[in-house]
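**Student:** Sharing a structure here in structure tokens format.
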Amino acid sequence: MSEATARADIYSIVSGVSSIGRVHDYERWAVRWADHLDLFKTTIDGQQQIRGWTISCRSMPQGRLEFSGAKLRTYTYKIRGYFGLDDGSASEKTAVALAEDVVEALDASDTLHDGGSYYDALPASMDVFEPRLFGGVLCHYVEISQVVQEVMDGT
């Protein structure tokens, strides 16, 4: 296993959530805001809207397991979601429900929690949910943390 494998697994899990929108396996940037915003636009139920996600590895501390001398590598991922805010349609409820679906999909993943490929993944957590300007558009912003631990050969 490697960081790239863990990231690919998380991408696959998030992408598999129904009506999730556009998912990118890294933080996306563009020189022009309009181009950046286009990276997160999608059509859901016939309506174009902002609904997108990014996945990034924020840290990778290591330690030693005393009982075996093996290294324990801990990857911390931030999964960020952006949803166009529409007060008239109570979009907050939809955005929270999708964030919860992502958390539940991550927690239910046999790939992340089987104890084989990885040492274990801690339960995912939604750390932030708030309105934010995104490309000049008011959006719901969500940040989910997923910690994945890997036991590596002690050499």
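**Student:** Within 10 Å, count the other beta carbons around each residue, average over each peptide in 144-153, 30-39, and list them highest first.
**Tutor:** So the order, starting with the most tightly packed, is 144-153, 30-39.
**Student:** With angles folded into 0 to 90 degrees, how steeply does helix 91-108 sit against the dominant principal axis of the chain? Use alpha carbons for both and round to 10.
**Tutor:** 20 degrees
**Student:** Further question: Mind giving me the nanometre distance, one decimal, between the label points for Leu72 and Ser15, set 7 Å out from Cα along Cα→Cβ?
**Tutor:** 3.2 nm
**Student:** Something else about it: Using Cα-Cα distances under 8 Å and only pairs 6 or more residues apart, what relative contact order does the chain have, in percent?
**Tutor:** This gives 24 percent for the chain.
**Student:** Measure off 7 Å from each Cα along the Cα-to-Cβ vector at Val147 and Ala90, then give the distance between these two points in nanometres to one decimal.
**Tutor:** Reported label-point gap for Val147 and Ala90 is 3.5 nm.
**Student:** Right, another one. Report the extension gain between Ala108 and Thr5 in nm, rounded to one decimal, defined as 0.36 nm multiplied by the number of residues separating them, less their alpha carbon distance.
**Tutor:** This chain segment gains 35.3 nm when fully extended.
**Student:** Next question. Could you tell me how many degrees, from 0 to 90 and to the nearest 10, lie between the Cα long axis of helix 3-15 and the main elongation axis, the longest principal axis, of the Cα atoms of the chain?
**Tutor:** Long axis of 3-15 versus the principal axis of the chain: about 40 degrees.
**Student:** Taking the alpha-carbon centroid of each part, what is the distance from segment 10-47 to segment 69-106 in angstrom?
**Tutor:** So the two Cα centres are separated by 13 Å.
**Student:** A follow-up question, please. Could you state the principal axis extents of the C-alpha atoms in the chain, from the largest down, to the nearest angstrom?
**Tutor:** For the chain, the Cα spread along each principal axis is 57, 33, 23 Å.
**Student:** Can I ask one more? Helix-derived [θ] at 222 nm for the chain: sum -39500 (n - 2.57) over DSSP H runs of at least 4, divide by residue count, nearest 500?
**Tutor:** -8000 deg cm²/dmol
Since every read-out is calculated from the coordinates, none of them should be taken as a lab result. None of these values were measured; they are calculated from a predicted model. We place every Cβ from the backbone using ideal geometry, glycine too, and count neighbours over all the protein chains shown.
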